[in-house]
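The next block holds one structure in the form of structure tokens; read it before the comments.
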């Protein structure tokens, strides 16, 4: 009986101890797989599409189809690309629309992107999970400040 009790206790201890999987780091969440652009909003009104028409609030539903399949890729080496999806606005456009580098700020709450097309961007992370990325960018032009909200998914 004593041996049976010891063996049972040993089995119970061995099988009840499971190694916890550590939560992924923010770098691991951001990198690894492409992010598809799925939403956008701006305040105050801004000419998002460079067509003379101002958009205020959600603009993504009016975005050209060629924008709606674009992806962003962040690598662990600090590289960034903005790539065309299957649909291009101009068939002659390169597949990689813009490229550059990225890095987190010290708090890992802001992603600093140096982009070959748009220059420096600062994305404040609102949500970052394995499948969702939501950021806010504050942009200044001609003395006005605009707030852009971008949503991405995997």
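I need the strands (runs of 3 or more DSSP E) fully contained in segment 43-154, keeping only those with at least 1 residues that are touching a strand residue (DSSP E or B) at 6+ places or on another chain (Cβ under 9 Å), surrounded by 14 or more Cβ atoms within 10 Å (Cβ to Cβ) and in contact (Cβ under 8 Å) with a residue 40 or more places away in the chain.
The qualifying strands (runs of 3 or more DSSP E) are 71-74, 79-83, 96-104, 110-115, 119-128, 132-141, 144-153.
Quick one: would you say residue 92 is within 18 Å of residue 37 (Cα to Cα) and modelled with pLDDT under 95?
Judged against the criteria, residue 92 is not a match.
Among the residues of segment 16-27, is there at least one that is surrounded by fewer than 13 Cβ atoms within 10 Å (Cβ to Cβ), in contact with a strand residue (DSSP E or B) (Cβ under 7 Å, 6 or more places away or on another chain) and at pLDDT 95 or above?
Checked against the condition, which is being surrounded by fewer than 13 Cβ atoms within 10 Å (Cβ to Cβ), in contact with a strand residue (DSSP E or B) (Cβ under 7 Å, 6 or more places away or on another chain) and at pLDDT 95 or above, segment 16-27 yields no hits at all.
The values are calculated or read from the model by the stated rules, or taken from the named source; none is laboratory data. Keep in mind it's a predicted model, so treat the numbers as computed, not measured. Neighbour counts run over all protein chains shown; Cβ positions are idealised from the backbone, glycine included.
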